[in-house]
Amino acid sequence: QVSLVESGGGLVSAGGSLRISCAASGRTLSALAVGWFRQAPGKEREFVASINRSGGTTYYAGSVKGRFTISRNNAKNTVDLQIGSLKLEDTAVYYCAAGTLFGSSRYEQTAYNYWGQGTQVTVSS
């Protein structure tokens with residue numbers, strides 16, 4: 001029902017910044033919470049950040065709080081993740097996801113039923 005496409009990934013030096021985006025089609029995102037997850041090679045996918053339907057409340061993993069900012073523009077059907085003060089351990093494929101959160105925590109993958117293909121963020125030392 002919802003197609004999500006991430007973009008904006010790339011190679012950035014440690015300490016630098018990057019902004020990645022998630023564009024939705026097929027359905028408005030206004031009725032759904034949106035989250036960002038990331039997965040490094042050989043590791044499991046982990047929660048990064050989420051935002052509620054109106055965009056008034058945000059949530060962050062402890063490892064990124066203060067460095068990352070999630071935002072949404074429901075009129076444009078997009079969600080962005082501003083990534084700052086990049087560290088080597090931030091290297092991963094970043095995925096956006098959308099869902100109603102019924103019966104699940106927004107920190108869990110099971111709360112989201114629509115997923116994008118991911119965009120690669122690589123941090124160099």
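The values are calculated or read from the model by the stated rules, or taken from the named source; none is laboratory data. None of these values were measured; they are calculated from a predicted model. Neighbour counts run over all protein chains shown; Cβ positions are idealised from the backbone, glycine included. Just so you know, the surface numbers come from the protein's heavy atoms only, side chains and all, with ligands and any DNA or RNA stripped out. Shrake-Rupley method; radii C 1.70, N 1.55, O 1.52, S 1.80 Å.
Structural remarks
- The string of couplings for the stretch 32-42 from the Karplus curve (6.51, -1.76, 1.60, θ = phi - 60°) is 10, 6, 10, x, 10, 10, 9, 9, 8, x, x Hz, one whole number per residue in order, with x for Gly and Pro.
- Separation of the Gln117 and Ser63 label points, Cα + 7 Å toward Cβ, nm: 2.6 nm
- Ellipsoid semi-axes for the chain, based on the Cα gyration tensor and the rule √(5λ), read 23, 14, 14 Å when sorted largest first.
- The stretch 9-61, accessible surface, carbon-and-sulfur percent (1.4 angstrom probe): 46 percent
- Spatially proximal aspartates and glutamates relative to Lys76 (Cα-Cα < 15 Å; intrachain offsets below 8 disregarded): Glu6
- On the beta carbon distance between Ser13 and Tyr107, with R0 = 35 Å, the FRET formula returns roughly 0.75.
- Extended-chain gain in nm, criterion 0.36 nm per residue less alpha-carbon gap, Ser85 and Ala40: 14.4 nm
- Bridgeable lysines around Lys87 (alpha carbons under 25 Å apart, same-chain partners fewer than 8 residues away excluded): Lys43, Lys65.
- Per residue accessible area in Å² of the chain, where ligands, DNA and RNA are left out and the probe is 1.4 Å: 49 Å²
- Electrostatic dipole magnitude of the chain [Cβ: Lys, Arg +1; Asp, Glu -1; Cα centre; debye, to 20]: 260 debye
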